[in-house]
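Chemist: I'd like to ask some things about the structure below.
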Amino acid sequence: MKSEQRPKAFLDDPLRAEARALAASIEAIRRACGKSNPRDFTVGTKEWERVCIEFAHDLGWALGLEGHATDIPAADDRNKRPLGYS
């Protein structure tokens, strides 16, 4: 569905705005840490998939979840920690 076809209520939804702000914050933090973001890769590639999983881990950290946001380990390093962990 194209954005111009979406109901105005969806576009103005505060929860949608919060989700976009959170994603933008995580992208900025990852960029500052020298990490890649999913949008840096072609959708469907192994690199894109790996970075999406790392991004999900960082999202879980940002939401205050224990451990990782998913049960899928990062493809290149099972011991890699999400943002904020040393």
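Every number here is computed from the coordinates shown, using simple stated rules; none is lab data. The shown structure was predicted, so the numbers you read here are calculated from the model rather than taken from an experiment. Quick reminder, even Gly has a Cβ in these numbers, built from the backbone with ideal geometry, and neighbours come from all protein chains shown.
Chemist: Based on the mean of other Cβ atoms within 10 Å per residue, sort peptides 50-56, 12-18, 27-33 so the most packed one is first.
Modeler: Packing proxy ranking, top to bottom: 50-56, 27-33, 12-18.
Chemist: Using the number of other C-beta atoms within 10 angstrom as an exposure proxy, rank 25, 36 with the fewest first.
Modeler: In order of increasing Cβ crowding within 10 Å: 25, 36.
Chemist: Spelling out what I want: for every residue of region 35-49, take phi, set θ = phi - 60°, compute 6.51 cos²θ - 1.76 cosθ + 1.60 (Karplus), and round to whole Hz; glycine and proline get x.
Modeler: 8, 7, 10, x, 5, 7, 10, 6, 4, x, 6, 4, 5, 4, 4
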